[in-house]
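Inspection log for the structure reproduced underneath, given as structure tokens.
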Amino acid sequence: MKNAPFSRVETERDVTAFSGFKTPARTAFFFDVRSKDDLPVLSEAVASANASELPVAYLGDGTNCLFAFDRFPGLLVKNSIPGFRRLEENRFEAGSAEKVHSVALVLATGGNAALLPWIGLPGTFGGAVVGNAGCFGLETADVFETADVWNVFDGRLETLSKPDMAFGYRKSTLKNRTDRFVVSARFDLSLRAPGNPYESMGIAEFRELRRAKQPAGRTCGSFFKNPEGASAGALIDRAGLKGWKIGGAEVSTLHANFFLAAQGADWRDLIALRDLIKSRVSEEFGIELSEEARIITENG
Ligand SMILES: Cc1cc2nc3c(=O)[nH]c(=O)nc-3n(C[C@H](O)[C@H](O)[C@H](O)COP(=O)(O)OP(=O)(O)OC[C@H]3O[C@@H](n4cnc5c(N)ncnc54)[C@H](O)[C@@H]3O)c2cc1C
């Protein structure tokens, strides 16, 4: 990997823009997967990184990621595979880099409110499938049909069904793996449970509701998973840490499970805030919080 033998693999690139917190970050090698034609190169680049024992990590829009490094010593792969195709009234196929929010907005504007609860949900369909993203009563698994994934080591496309995905709370079988890269996915909106109350809201009204519940800015959304039967945000609040600041990192005063990074904040501030919250919640309530956010370190 030393000389990045692939013409499309960039070297020593600034990747500050590609994480939710936008902390200053660089990577030794960077590959932007723009279409299916790039997938064989992806396989070669990953094989080369592996042969050099360099870490590899995949990114959609990075909205659920914290970069815990100044310089990633390996290969960061950004997904930019576009495409949206309506298959039937309630079925569509999305390229994995299509934005969930944009598709939800287009459908709702056209009179189909099935994805209205996802208006304002940041990120790509690839990220949503991998992490079973969801909110306001609708999870990715609820409408998921199949996904085409690139088997990076065998160099071929595979189609995964819902049972293959083993979806759970903010997880799927594809989470934190580099042997599979999500290329596209199909969704059937008629699979969702009926009666989601948010679907009957107007678009503007729903956006207002979302704005009132979640802070905007440099964040990666909910930082911790909700423990069984509890709310991570409520625990952080009860531990007295709402609004707590370490350097440029802050616990949101609006939603205590959201961290916010000030302009130029250092990733170390965010990690220190995470560590403080974990230990305080553990001490006070005997509950060990685990991260929903993906923390990418120098090791991947
Ligand atoms: C303001 C804000 C609000 C949010 N609210 C919510 C919410 O209500 N509900 C919710 O579920 N999430 C929420 N999130 C988190 C985020 O929107 C979701 O996790 C989203 O699905 C991440 O998509 P992404 O494209 O940014 O993925 P990334 O953050 O880039 O990646 C997420 C994970 O998926 C992997 N990945 C991404 N693309 C691929 C691919 N093509 N192939 C293989 N692996 C891949 C990455 O390696 C990483 O492990 C919020 C985030 C923000 C900033």
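The values are calculated or read from the model by the stated rules, or taken from the named source; none is laboratory data. What you are looking at is a predicted structure, and each value in this text was computed from that prediction instead of being measured. So basically every Cβ, Gly included, is an ideal-geometry build from the backbone, and we count neighbours across all protein chains shown. Surface areas here come from the heavy atoms of the whole protein model, side chains and all, with no ligands, DNA or RNA. Shrake-Rupley method; radii C 1.70, N 1.55, O 1.52, S 1.80 Å.
Below, the figures for the structure above:
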{"item": "Rel. contact order, % - alpha carbon contacts under 8 angstrom, at least six apart, region 157-300", "result": "20 percent"}
{"item": "From the C-alpha gyration tensor of region 10-79, square roots of 5λ in Å", "result": "20, 14, 9"}
{"item": "Computed P(r) (all Cα pairs; region 84-206; 5 Å bins; percent)", "result": "2, 12, 23, 26, 19, 11, 5, 2, 1, 0"}
{"item": "Using alpha carbons only: equivalent-ellipsoid semi-axes of the chain, gyration tensor based, whole Å", "result": "29, 28, 16"}
{"item": "Net +/- balance of residues flanking Ser190 in space, Cβ distance below 10 Å, scoring K and R +1, D and E -1", "result": "-1"}
{"item": "Shape category assigned to region 214-297 from the gyration tensor of Cα positions, a/c cut at 1.5", "result": "prolate"}
{"item": "With every protein chain in place, the chain: carbon and sulfur % of accessible area (1.4 Å)", "result": "49 percent"}
{"item": "Of Ala49, Ala28, Ala166, the one that fluctuates the most in a GNM where the chain has Cα springs shorter than 10 Å", "result": "Ala166"}
{"item": "Filter on Lys22/Lys242; Lys99/Lys213; Lys99/Lys278; Lys78/Lys278; Lys162/Lys242; Lys171/Lys213 - keep pairs with C-alpha separation over 28 Å", "result": "Lys99/Lys278; Lys78/Lys278; Lys162/Lys242"}
{"item": "Over the chain, relative contact order from alpha-carbon pairs under 8 Å, at least 6 apart, %", "result": "18 percent"}
{"item": "Summed side-chain charge close to Ala128 - residues other than Ala128 whose Cβ falls under 11 Å, Lys, Arg +1, Asp, Glu -1", "result": "-1"}
{"item": "Test item: Cα-centred dipole of region 84-206, Lys/Arg +1 and Asp/Glu -1 on Cβ, debye", "result": "280 debye"}
{"item": "Share of Cα-Cα pairs in region 171-233 lying beyond 18 Å, as whole percent", "result": "67 percent"}
{"item": "Label-point separation in nm, Asn176 to Lys278, each point 7 Å along Cα→Cβ", "result": "1.1 nm"}
{"item": "Cα centroid of region 226-264 to Cα centroid of region 133-156, whole Å", "result": "29 Å"}
{"item": "Residues of the chain: accessible area per residue with a 1.4 Å probe, Å²", "result": "44 Å²"}
{"item": "Centroid-to-centroid separation of region 24-79 and region 172-200 [C-alpha atoms, Å]", "result": "24 Å"}
{"item": "Total charge dipole magnitude, the chain, about the Cα centre, Cβ charges on Lys, Arg, Asp, Glu only, Debye to nearest 20", "result": "440 debye"}
{"item": "Within a Gaussian network of the chain (alpha carbon springs, distance under 10 Å), most fluctuating of Pro40, Pro215, Pro194", "result": "Pro194"}
{"item": "Relative contact order of region 10-79, pairs being alpha-carbon contacts under 8 Å that are 6 or more residues apart, as %", "result": "42 percent"}
{"item": "Of Asp188, Asp164, Asp142, the one that fluctuates the most in a GNM where the chain has Cα springs shorter than 10 Å", "result": "Asp164"}
